[in-house]
1. Has segment 239-254 got at least one residue that is touching a helix residue (DSSP H, G or I) at 6+ places or on another chain (Cβ under 8 Å), in contact (Cβ under 8 Å) with a residue 12 or more places away in the chain, farther than 29 Å from residue 169 by Cα and not small (Gly, Ala, Ser)?
2. For segment 144-153, name all the residues that are closer than 11 Å to residue 116 by Cα and touching a helix residue (DSSP H, G or I) at 6+ places or on another chain (Cβ under 6 Å).
3. Are there any pairs with C-beta distances below 9 angstrom linking a residue in segment 209-230 that is part of a loop (DSSP other than H, G, I, E, B) to a residue that is crowded, with 20+ Cβ neighbours inside 10 Å, with the two at least 6 apart or on different chains, and if so which?
4. Quick check on my filter: what residues within segment 47-78 are β-branched (Val, Ile, Thr) and more than 40 Å from the chain's Cα centre (by Cα)?
5. Can you spot a residue in segment 77-94 that is more than 19 Å from residue 42 (Cβ to Cβ) and buried (at least 21 other Cβ atoms within 10 Å of the Cβ)?
6. Provide a single number: the residues in segment 484-496 that are of a type in the set (Gly, Ala, Ser), surrounded by fewer than 23 Cβ atoms within 10 Å (Cβ to Cβ) and part of a helix (DSSP H, G or I).
7. Here is a check on your reading of the model: is residue 593 of a type in the set (Gly, Ala, Ser), under 52 Å from the mean Cα position of the chain (by Cα) and surrounded by 20 or more Cβ atoms within 10 Å (Cβ to Cβ)?
Amino acid sequence: MRLWKKLALCILTVAISGPFTHKAYAVTAKEQEQIVSRLLDKVGDYDYGSSRAPLTELSDFVRSRYEDPEALKKIEQKFMAFLRSPATAAGKQFVCRQLSIIGTKESVGTLAAMLNNPAMSDMARYALERIPDEAAGDALRRSVRFAYGKAKVGVITSLGVRRDAKSVPVLAGFITNSDEQVARATLAALGQIGNSEAAKVLSEAREKVSGDLKRAALDAYLVCAGGVLAGGDWSQALSMYRELFKKGNPATIRTGALLGMVSADQKKAATIIIDAIKSGDKDVQPAAIAMVRSISDPGRIKTAAGLLPKLSTAGQVQLLTALNSPGHVAARQVVINAAKSDNADVRIAAFKTLVAVGDESAVGILAKAATQTSGAEQDAARNSLCRLSGAKVDKAIIDALAKADTGVKIELIRAISSRNMTGGARALLKTAKDANKKVRIESLRALGDVAGGGQIEALIDLLANATDSTEQKEAEKAVVNVAQRTGRQEAVASQIARSYSAASGQTRISYLRLLSTLGGPDAAETISKALVDDNDEIKDAAIRALSAFPSGEPASKLLELAQTAESQSHRIIALRGYIRLIAIVGANSPKKAIKMCNSAMAAATRIEEKKQVLSAASQIVSPDALKFLEPYLKDNDLGAEAKAAHKKLSGLIKEK
């Protein structure tokens with residue numbers, strides 16, 4: 001067999017046997033006919049609930065032909081023949097969906113013949129209403145005159161979907177049809193068609209119908225006005241919207257009309273909105289207030305905002321929400337005034353809007369509100385103070401610190417932290433020495449968030465001069481936070497180590513805690529020297545600091561203390577610290593860590609610490625660690641823990 005024949009056969013085999021993609025397969029016209037025929041044979045037997053594989057296969061193949069008009073034409077002919085065959089209704093409905101995509105004028109006659117078939121009418125219409133050729137519209141218009149019941153309603157709906165302008169005279173006669181569903185579908189279709197002729201028919205219909213159809217006619221007229229506007233006739237659309245806006249019409253219709261008037265008359269849009277707010281008309285005022293967000297002219301924004309005091313509480317909240325945009329800074333003063341309202345809901349809304357329209361002038365108001373309120377109002381004030389924008393806001397916060405009372409000062413300090421105002425660190429170093437303890441504590445917390453490496457020495461001084469343990473611990477946290485954030489842990493530890501000998505007793509204890517957290521050679525050396533201090537409190541603090549050290553450097557010293565410390569509690573603390581280091585050491589040196597396990601077991605005199613050693617061993621990912629655990633598997637006191645550790649470690653080794 002020649003190569004080209006083999007290739008053609010291969011392509012045909014793939015096309016026939018496998019699922020299709022969007023790729024255009026290189027098949028001949030005859031092969032295409034064979035593929036489509038084969039698949040249609042399968043689709044002809046399809047029913048709901050059975051496998052959709054043949055449908056998917058055919059759909060994919062058709063999709064692969066989208067760029068080939070000649071191929072689609074032949075497929076369309078196959079589809080029309082299929083629709084005239086005794087295939088299942090489900091199969092025919094699927095083919096109708098395909099024709100809704102690829103169908104042309106050629107399909108119209110076949111589809112139109114199905115419109116009076118109850119089982120096929122809906123899908124035939126579905127296809128016809130999507131075929132762009134005028135012949136499809138002609139077929140639907142011819143059919144609507146003779147259809148009845150559900151079929152008639154469906155065809156009318158399809159004419160609306162097509163926005164078929166030629167059907168307006170035909171549809172006009174169905175508005176007063178005795179079948180209410182037909183009349184309702186007619187009104188909706190005329191609304192969708194949305195041209196001047198449809199508008200005229202619907203305008204007259206509003207006077208002819210009553211009851212529920214009256215509302216349907218109004219809805220359709222509103223939709224039609226939108227179509228007229230989209231068609232470029234803004235003058236007629238505006239006239240229609242004004243008719244619908246008149247009092248007496250349902251609130252939702254009037255609201256839609258208001259939105260339409262604003263869209264149709266852009267030059268007077270702001271005036272229309274403001275007038276609707278001024279009117280006090282409960283039907284449309286809420287919608288008009290919401291539309292304030294669309295006003296961009298500063299003068300009109302100011303006018304709209306000026307209406308706020310005349311509104312109800314709900315209206316004020318809604319207007320403030322509508323003004324919550326950076327483009328509405330013209331409303332700033334009104335919003336600031338609202339922030340002083342007697343009503344909490346109005347104040348909360350004003351606080352939130354100040355984020356967008358406020359400036360440095362709002363700093364004092366928000367800080368004071370955060371001090372004097374609670375709950376949702378306090379949260380809103382604090383959040384807004386944190387998010388308040390403007391180049392001068394940070395400076396205003398810092399400047400206000402000097403003159404603020406205690407409560408406001410605390411809120412301003414919190415704002416410096418929340419806003420991550422690194423430029424506020426210098427001011428915070430001053431407030432950290434305030435006469436009020438709460439101010440000092442809040443300042444230390446904020447310094448931990450915003451201070452830089454250049455302020456660490458000042459923070460250490462604040463720590464040395466702390467008045468009590470609470471203040472001391474907050475200063476410690478600040479030093480650690482800044483050191484970690486700036487990546488200077490060991491440098492700061494060295495600085496503290498140099499200051500250790502000159503520090504007082506309580507400050508030394510604080511320094512030891514810091515050194516234990518920061519780590520490094522200088523920290524380890526300073527803590528080790530403190531172990532022989534004459535002061536028992538300092539000695540105790542040193543043992544605890546060494547036990548909590550972040551690296552394995554003090555391991556040997558901790559083991560020595562676990563074996564020789566005078567106090568049993570100190571021996572236990574040291575041993576637990578030593579055990580804690582096993583996992584840290586094991587990450588880099590499993591053999592050394594296993595030796596530590598053996599040493600810890602030898603030093604342990606209580607079951608509790610022995611169990612901790614077994615747990616530490618389970619973290620050393622090494623076969624040698626399994627061997628370490630084996631002798632304890634049958635131990636009466638440690639067997640359960642040893643088995644759990646062995647199982648965990650076995651899993652870790654397998655994953656490695």
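The values are calculated or read from the model by the stated rules, or taken from the named source; none is laboratory data. Treat the numbers as computed from the prediction; the structure is a model and nothing was measured. Cβ placement follows ideal geometry from the backbone for every residue including glycine, while neighbour counts extend to all protein chains displayed.
1. yes
2. Answer for segment 144-153, where residues must be closer than 11 Å to residue 116 by Cα and touching a helix residue (DSSP H, G or I) at 6+ places or on another chain (Cβ under 6 Å): 144, 147, 151, 152.
3. Every condition considered, the pairs that remain are 209/175; 209/183; 209/187; 209/216; 209/217.
4. 75 - this is the single residue of segment 47-78 that is β-branched (Val, Ile, Thr) and more than 40 Å from the chain's Cα centre (by Cα).
5. no
6. Selection size over segment 484-496: 2.
7. So residue 593 passes the test.
Conditions tested, residue by residue: (1) surrounded by fewer than 20 Cβ atoms within 10 Å (Cβ to Cβ); (2) closer than 13 Å to residue 603 by Cβ; (3) touching a residue at least 24 places away in the same chain (Cβ under 8 Å); (4) under 48 Å from the mean Cα position of the chain (by Cα).
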{"residue": "551", "(1), (2), (3), (4)": "yes, no, yes, yes"}
{"residue": "556", "(1), (2), (3), (4)": "yes, yes, no, no"}
{"residue": "560", "(1), (2), (3), (4)": "yes, yes, no, no"}
{"residue": "565", "(1), (2), (3), (4)": "yes, yes, no, no"}
{"residue": "573", "(1), (2), (3), (4)": "no, yes, yes, yes"}
{"residue": "579", "(1), (2), (3), (4)": "no, yes, yes, yes"}
{"residue": "584", "(1), (2), (3), (4)": "yes, no, yes, yes"}
{"residue": "589", "(1), (2), (3), (4)": "yes, no, no, yes"}
